[in-house]
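Colleague: Here it is, the structure, as structure tokens.
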Amino acid sequence: MEEELIGVQEACPECGKRREDWTNERGRGYALEGVDYCSERCALKARARGA
């Protein structure tokens, strides 16, 4: 039975990289304020622009 992921983002909201291509933290990405990003860099860029 395939595990269903409810509420999991398909792509990084900052750069658009698809989740299966994320390499940070073994593909888990970087969480900041309840949002998952592909990397810490994208998370900090989003924060800097006020997202």
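Colleague: What is the calculated FRET efficiency for Lys45 to Arg19, with r their C-beta to C-beta distance and R₀ = 22 Å, to the nearest 0.05?
Modeller: Step by step, r from the Cβ atoms, then E = 0.80.
Colleague: Using amide H atoms built 1.01 Å from N in the peptide plane, name the residues 5+ places from Ser39, or on other chains, whose amide H lies under 5 Å from its own.
Modeller: Tyr30
Only the coordinates and a few stated rules stand behind these numbers; no lab work does. For clarity, every value in this text was computed on a predicted model and none was experimentally measured. Neighbour counts are summed over all protein chains in view; Cβ atoms, including those assigned to glycine, are modelled from backbone coordinates with ideal geometry.
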